[in-house]
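This report concerns only the one structure given below.
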Amino acid sequence: MLTRVPPPVADALRLAGGVFLLYLAARALAAYRRDESPGAGPPARAARTVLEAVIINLLNPSPYLSWSLVLAPLLLEAWRAAPAYGIALLASFYGTMIAATAIILVPFAGARALGPRIGRVMLGVSAAALAAFGVYQIWAGGAAVFRNLR
């Protein structure tokens, strides 16, 4: 199944993800303009942030492409050699992803202690980065759609 992800599905995911990133950039910019401190607010806001992160990951075509083109064939080859190799591949892949995420998140979580001004700057930078990446995703997805139409 992983090797049969059609290119139009990846293109649609990329376009939808780009639109969603622009939506998140607009929300971050609005919070920046209101001078809203990141992380402040009720627990419902944290749950919404987690939901938005899940949506971003579902709309991101990279995991589907990497699994269908690289990881699934490697996993099958490793599993055929020995099931322990397949398990080791999965454990090392996800262990690396979790460690990399922690390396990114821990300093950002600590930045809150630097004061609200730093948090506001980070919010502005995040809004700009989300907007730039959203535009890129829409451009790349649109270019792929137009290429496939020819």
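Readers should treat all values here as calculations from the given coordinates under stated rules, not as data from a laboratory. Bear in mind that the values here come from a model prediction, so they are computed numbers and not experimental data. Heads up, the Cβs are rebuilt from the backbone with ideal geometry, glycines too, and the neighbour counts pull from every protein chain shown.
With springs only between Cα atoms under 10 Å apart, run a GNM on the chain and tell me which of TRP139, TRP67, TRP79 wobbles the most.
TRP79
How much mean residue ellipticity at 222 nm does the chain get from its helices, if each DSSP H run of length 4 or more adds -39500 (n - 2.57) and you divide by all residues, to the nearest 500 deg cm²/dmol?
Values: 6 runs with 122 residues, N = 150.
Taking each H run of at least 4 residues, the total per residue is -28000 deg cm²/dmol.
Find the relative contact order for the chain and round it to a whole percent, using C-alpha pairs within less than 8 Å whose residues are 6+ positions apart.
On the way: 108 pairs, mean separation 79.0, N = 150.
Relative contact order here is 53 percent.
With each pseudo-label sitting 7 Å past Cα toward Cβ, what's the VAL9-TRP79 distance in nm, one decimal?
Each label point is offset 7 Å from its Cα along the Cβ direction, giving 1.7 nm.
Please report, ordered by residue number, every helix of the chain (full DSSP H runs) that is 18 Å or longer along its axis going by C-alpha atoms and whose mean Kyte-Doolittle hydropathy reaches 1.0. Working shown, then result.
Details: long enough: 7-33 (39 Å, 0.92); 43-59 (24 Å, 1.04); 83-110 (40 Å, 1.59); 116-149 (49 Å, 0.94).
What comes out of the filter, once short or polar helices are dropped, is 43-59, 83-110.
Would you mind putting 112-122, 94-104 in packing order, based on average other-beta-carbon counts within 10 Å, highest first?
On the way: 112-122: 13.2, 94-104: 10.0.
Per-residue Cβ counts within 10 Å, averaged per peptide and sorted highest first, yield 112-122, 94-104.
Two decimals, Cα atoms only, Kirkwood Rh: what is Rg/Rh over the range 80-150? Before the final figure, lay out each step's value.
On the way: Rg = 19.7 Å, Rh = 16.1 Å.
Rounded to two decimals, Rg/Rh equals 1.22.
What is the Cα convex hull volume of the chain when expressed per residue in Å³?
Numbers: hull volume 19.0 nm³, N = 150.
Given the Cα convex hull of the chain, per-residue volume reads 127 Å³.
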